[in-house]
Amino acid sequence: MNLLATTTLVVPSIHYLALLPVLTFFGASLVLLLMSALVNTKVTINWATGITVATAIATLVYAFFQWSYIAHHGSTTTVAHAIVLDGFSVIGNVVIAVSLLLSALVAHDWAKRERVAGADFHILALASSAGALLMVQANDLIVIFLGLEILSIGLYVLVGFDRHRATSAEAALKYFLLGGFASAIFIYGAALVYGATGSTNLSSISYFLGNNVVLRPGLLYAGGALLLIGFAFKVAAVPFHAWSPDVYEGAPTPVTGVMASIVKVGAFAALLRVLISALGTQLDTWRPILFVLVILTCVVGASVALVQRNVKRLLAYSSINQAGFMLLGVWSGSARGVASTLFYVMTYAPVVVATFAVVTLIGGTGDDLHSIDHYRGLARRQPWLGGALAVLLFSQLGAPLTVGFYAKYSVLAATIDSGGGALALVAILSAAIAAFFYLRWILALYADDDVEGTRVHVPLFTGKVVAVGVIVAILFGVWPGPLATWCQHATMLFLP
Amino acid sequence: MHSSIYLLLLIVVPLAGALAAALVRKVQGLAYALGVGTALVEMALALIVAFLYNPHVKNAQTYDFVTRHVLSAPFGLAYDVAVDGISLLMVVLTALVLLLALLGSRDKRREAAFVGWLLALTSFTMASFLSHDVLEFFIFFELTLVPSYFIIAGWGGAQRAKAALKFFIYTFSGSAFLLIGILYLGFAHQHQTTGVLTFSYSALQSTGMTHSTAVWLFIAFAIAFAVKSPIWPFHTWSPITYAEAPTGGSIELSALLAKLGSYGLLRFAVGLFPLALPTMRPIVLTLAVISILYGSLIACATPDLKRLVAYSSVAQLGFITLGIMTGSKIAMVGAVLLMFNHGVITIGFFLIIGFIERRRGSYQIKDLTGLQGPAPVMAALFTIVMMASIGLPGLSGFVSEYLILIGTFGTHAWWGAIATTGVLAAAAYLLWAYQRVFHGRAEGANASITDLNFKERWVLVPVVVLILALGVFPKPVLDRISPSVQVLIHHVAPAGVNK
């Protein structure tokens with residue numbers, strides 16, 4: 001008894017401004033959950049979408065205050081240094097919020113078309129996004145793991161959300177088994193790193209490694225490698241990508257959009273923090289591994305996509321190829337590299353969500369018209385929709401005057417600045433291979449042998465989302481200045 | 001110095017025209033009229049720039065109309081334009097190609113889109129020639145792929161899809177090397193100087209580098225430009241692309257876009273890496289000579305007129321490359337002039353082939369015979385264009401090829417000697433093709449074709465005038481080219497070329 005009386009639990013100071021986005025997302029998710037449980041009439045999809053959109057917009061408002069707080073007081077950590085508030089996390093939050101906002105609108109129209117009642121999609125998407133937000137702000141391996149799990153568990157359910165298609169359930173099971181495996185590997189890696197450095201806190205790890213020489217680095221290396229594998233699984237880097245085409249194909253299309261955007265933001269943000277903030281001193285050790293990973297990811301992603309006829313599988317491989325480019329910025333290990341990966345993720349997310357919005361539309365009721373042949377003549381029948389998809393694909397291809405060009409440009413610049421000329425060349429040649437399947441898709445859009453096919457109805461919200469994707473692609477493709485400067489500022493305070 | 005507003009207009013006017021054409025697409029024929037109007041304005045602007053151009057602006061080497069604005073410092077992105085004697089002719093050619101391609105190859109299928117893409121392509125090509133910043137050049141160089149791709153894929157022949165893909169992928173892969181080279185150079189410059197990332201051409205010219213770095217960078221640049229030109233062995237995309245493209249597209253591709261390759265080689269590969277030249281010169285010269293011989297030989301055996309011109313272009317581009325790489329001033333001036341002359345001649349060829357195709361529905365040599373009888377004016381104009389291409393004295397082709405060959409003999413006699421046989425071969429394949437197509441007795445469909453109508457004749461007038469004028473009196477043009485070439489030579493080989 002005496003022992004209990006003298007031991008006081010020290011509650012760490014909490015800086016609520018830093019936690020607000022995560023709390024709001026969780027809160028919104030819980031509110032929706034409670035509403036659907038307690039309110040007698042089923043919570044209509046309109047309410048769910050409304051609350052999700054409001055949550056995302058609230059996060060954008062917080063971001064404004066967070067950004068000005070950082071501008072005045074500098075970046076800070078809170079909750080016993082487990083959560084960090086810096087420019088990098090603010091931008092990550094904004095990208096996640098925008099991606100969720102766009103995805104929720106697409107899902108809204110999709111749910112109406114598929115007659116999916118209730119708020120389940122939005123509850124899970126909000127919770128998943130909260131996990132991604134946590135990963136973006138995490139400064140501790142345990143918190144990263146927490147975020148990763150929250151992100152993943154929501155997605156496991158979302159992937160299997162379409163009960164009418166057996167492939168959806170199959171994909172969910174695949175994703176769950178392999179994802180669980182990857183999580184286990186990740187947490188084991190975290191444990192080994194803890195064993196080697198005495199802390200799970202990224203700043204402490206960095207401090208320890210900066211001030212001590214690790215004489216027997218085996219434990220540290222093993223831990224780092226396992227962490228890297230965990231991340232590689234989440235971003236679908238080759239050879240840890242095998243799940244991604246099946247899951248992309250099986251998942252309901254709006255969910256695929258969420259996976260391609262929000263998961264990438266969260267995973268890359270955390271990966272950058274772990275490799276560059278915490279293990280920055282071990283650059284020479286993890287760089288060669290990443291070198292191989294980048295080459296495999298770029299080349300395999302681009303080459304295997306060539307033989308795909310299903311556009312969702314095609315986009316899965318395309319996003320593997322894009323992940324290779326994002327890893328390029330990580331490989332460079334410099335402030336420029338971090339900024340370039342941030343720029344890449346930030347511009348890729350809205351474009352890919354908009355692409356999946358178009359795929360959702362063409363998929364039709366039942367969500368299974370995903371052969372490339374279903375796109376024949378689309379741009380002839382519906383010039384706006386087809387033209388929009390062409391712009392989005394050109395952006396992913398990396399054509400100039402679309403933002404995709406500057407995304408590729410910035411990661412390649414960072415790589416070359418860090419002395420990776422050969423790596424950059426392999427990556428950009430893989431983009432030339434990738435150009436082949438994007439162009440073949442665009443050719444199908446503009447084929448004039450099937451002009452009389454059926455027109456698809458474009459619902460209001462989905463149309464807006466596609467428009468936003470196209471505007472992002474073109475506006476920042478012509479004028480990337482502000483985003484580039486923003487990313488540069490965000491990473492200035494990032495490095496220890 | 002003159003105001004750079006003219007150059008901005010040269011880039012913006014066609015782009016605005018393209019948007020306007022897209023907006024009025026519902027009204028029959030209006031987009032075409034808008035396109036022609038825009039092309040006329042563009043031509044007028046190009047001529048104004050050509051006449052105003054002053055090579056003796058203080059502290060600007062031979063550049064005029066100079067301006068530079070940094071758009072994004074972290075990316076090193078800038079809007080930086082200027083004109084000198086080397087790009088001046090290309091600016092005029094770009095405007096001319098647009099005008100004649102529009103007037104000579106009206107395609108009424110989805111006309112507004114066709115006009116729009118053609119105008120967009122002109123804007124991007126113009127911007128590439130005007131760029132005085134390497135990154136800016138790259139962006140527009142790469143951007144020209146998109147409209148070209150749509151023009152080929154949307155209005156081309158039976159195999160258009162394959163041709164468009166092949167064209168895009170080849171050029172895209174080639175420019176991958178260019179981008180890596182540009183970035184490497186930019187960072188090398190940044191690390192040597194104040195730490196500001198810039199891709200300004202004049203700044204990068206002073207980058208210090210070792211011999212082997214220069215060689216590698218030269219190779220990276222040269223691959224992109226050799227694909228675009230095309231130079232053997234990077235030419236394999238070009239015949240199918242030129243043949244499958246619609247007439248307007250073939251004109252744009254071979255008369256204009258190919259010049260982006262040789263222009264880039266001269267301005268950027270040679271201008272930025274003079275250290276690499278002693279090593280690379282024999283290699284590129286050899287490739288150029290192989291291009292000349294290979295292009296000529298295949299042209300002899302080719303079964304259709306479009307491919308014939310395509311392969312003859314491979315040979316002509318070989319001559320241009322020869323002139324660029326020898327390092328002699330005369331040859332370099334000749335190369336710049338040939339870039340323009342070949343452009344004009346190719347416009348003439350493709351227009352007439354387009355007119356033949358319009359009448360006969362085919363440009364296969366075996367389908368055509370004795371066209372001279374029913375269409376004497378067409379035959380006469382074809383003869384003029386053909387003779388200029390062969391290099392008959394008094395016509396434009398002669399002046400430029402002559403300058404190139406004299407210069408080459410002065411510095412690289414053996415290469416010059418072999419290249420000269422290409423002139424003979426050109427006479428062989430062109431005259432032989434002429435015989436088969438225009439001589440003999442016209443029968444069946446060939447006998448009933450009509451001669452060129454009023455409009456078609458007028459479209460060819462500028463071509464013929466330029467061929468004659470530059471053949472007899474090239475001095476005003478040469479006077480504009482020479483100072484800039486002199487500056488470039490001075491930078492590249494101050495001590496003269498090692499024979």
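Every read-out reported here was derived from the displayed coordinates using simple, explicitly stated rules and does not represent laboratory data. In this text the structure is predicted, and so the values were computed from the model without any measurement. Every residue, glycine as well, gets a Cβ built from its backbone with ideal geometry; the counts of neighbours run over all protein chains shown.
Numbers for the structure displayed
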| quantity | calculated |
| --- | --- |
| In Hz, Karplus ³J(HN,Hα) per residue of the stretch A:12-22 (6.51, -1.76, 1.60; θ = phi - 60°; x = Gly, Pro) | x, 5, 10, 9, 5, 4, 5, 8, 3, x, 4 |
| Ordering of B:44-50, A:414-420, B:265-271, A:268-274 by packing [mean C-beta count within 10 Å, highest first] | A:268-274, B:265-271, A:414-420, B:44-50 |
| Under 17 Å from residue A:234, Cα to Cα: aspartates and glutamates that are on another chain or at least 8 residues apart | A:149, A:246, A:249 |
| Ordering of B:251-258, B:193-200 by burial proxy (mean other Cβ atoms within 10 Å per residue, highest first) | B:251-258, B:193-200 |
| Built amide H within the under 5 Å cut-off of residue B:304, gap 5+ | B:365 |
| Residue B:421 paired with residue A:467, simple spin-label distance in nm, labels 7 Å along Cα-to-beta-carbon | 6.6 |
| Degrees, to the nearest 10: A:460-478 long Cα axis against longest axis of chain A | 70 |
| 13 Å beta-carbon shell around residue B:6, net charge (K/R +1, D/E -1) | -2 |
| FRET efficiency estimate (nearest 0.05) - Cβ-Cβ, residue A:303 to residue A:177, R0 22 angstrom | 0.25 |
| Per-residue mean of C-beta atoms belonging to partner chains within 10 Å, peptide B:140-152 | 3 |
| Sites residue A:455 and residue B:360, calculated FRET efficiency, Cβ-Cβ separation with R0 41 Å, nearest 0.05 | 0.55 |
| Under 15 Å, Cβ to Cβ, from residue A:358 - net charge with Lys/Arg +1 and Asp/Glu -1 | +4 |
| Sequence-distant lysines (8 or more away, or on other chains) whose Cα lies within less than 17 Å of residue B:329 | B:475, B:499 |
| Charged-residue dipole, Cβ positions (Lys, Arg, Asp, Glu), the stretch B:336-478 about Cα centre, Debye nearest 20 | 160 |
| For the stretch A:10-492, size of Cβ-based charge dipole, Lys and Arg +1, Asp and Glu -1, in debye | 120 |
| Residues in the stretch B:161-205 reached by a label modelled at residue B:110 [backbone nitrogen below 13 Å; 7 Å Cα→Cβ] | B:161 |
| Linear extension gain, residue A:37 paired with residue A:242, 0.36 nm per residue minus alpha-carbon span | 70.1 nm |
| Partner chain coverage, peptide A:416-428 - average Cβ within 10 angstrom | 4 |
| Most positive-pole-ward Cα, A:405, B:51, A:281, against dipole of the protein assembly as shown from beta carbon charges | B:51 |
| Taking chain A and dividing mean pair separation by its residue count, relative contact order in percent (alpha carbons under 8 Å, at least six apart) | 16 |
| Angle between chain B longest axis and helix B:413-438 axis [Cα atoms, degrees, rounded to 10] | 20 |
| In Hz, Karplus ³J(HN,Hα) per residue of the stretch A:413-429 (6.51, -1.76, 1.60; θ = phi - 60°; x = Gly, Pro) | 4, 4, 5, 5, 4, 8, x, x, x, 5, 4, 4, 5, 4, 4, 6, 5 |
| Rounded to the nearest 20 debye, dipole of the stretch A:407-496 from Cβ charges on Lys, Arg, Asp, Glu | 300 |
| When each of A:408/B:306; A:408/A:464; B:228/B:455; A:312/B:166; B:108/B:306; B:162/B:455 is checked by Cα-Cα distance, pairs over 30 Å | A:408/B:306; B:228/B:455; B:162/B:455 |
| 3J(HN,Hα) from dihedral phi, the stretch B:19-34, Karplus parametrisation 6.51/-1.76/1.60, rounded to Hz, x for glycine, proline | 5, 4, 4, 5, 6, 9, 5, 6, 8, 4, x, 5, 4, 5, 4, 4 |
| Chain A: angle of helix A:335-363 to the longest principal axis, Cα-based, in degrees nearest 10 | 30 |
| Counted charge near residue A:414, where neighbours are those whose Cβ lies closer than 14 Å (Asp, Glu -1; Lys, Arg +1) | +2 |
| Average other protein chain Cβ within 10 Å of Cβ, residues B:172-185 | 6 |
| Leading residue at positive end of dipole, the protein assembly as shown (Cβ point charges), from B:283, B:300, A:207 | B:300 |
